[in-house]
Amino acid sequence: MQLYDLLAALVGGTAVGVAARALADRPPLWVAVLAGVAGSLLGTVLYLKVFGFEPETPNVDWWQHFWQLAVAAVVTLVAVQVIRLVPHRR
């Protein structure tokens, strides 16, 4: 995993977290962004290490970004649902 992969995961995960905050039942911003970044990093690890895919294009590996966004969306969705179930004080 290179620095570019980490930066792409941070940017993509933050975008997914902010989008989840706008579309979902208003979860805390820090939960949505943290789940998005964690999911994006997990998508990168799955793509590169677990399944062993190699970049197919010379500059930007679009499949890796697809994996990042897809896994980040699923992890963020799960985190938002868990937060909704946990009782909290107001």
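The values are calculated or read from the model by the stated rules, or taken from the named source; none is laboratory data. What you see is a predicted model, and the numbers here were worked out from it, not measured in a lab. Quick reminder, even Gly has a Cβ in these numbers, built from the backbone with ideal geometry, and neighbours come from all protein chains shown.
Yes/no per residue for (1) closer than 21 Å to Leu85 by Cβ; (2) at pLDDT below 85; (3) among the basic types (Lys, Arg):
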{"residue": "Val18", "(1), (2), (3)": "no, no, no"}
{"residue": "Thr44", "(1), (2), (3)": "no, no, no"}
{"residue": "Tyr47", "(1), (2), (3)": "no, no, no"}
{"residue": "Val50", "(1), (2), (3)": "no, no, no"}
{"residue": "Asn59", "(1), (2), (3)": "no, yes, no"}
{"residue": "Trp62", "(1), (2), (3)": "no, yes, no"}
{"residue": "His65", "(1), (2), (3)": "no, no, no"}
{"residue": "Val74", "(1), (2), (3)": "yes, no, no"}
Self-check item: Boolean, Val71 is within 15 Å of Asp5 (Cβ to Cβ) and touching a Phe, Trp or Tyr at 6+ places or on another chain (Cβ under 9 Å)
Solution: yes
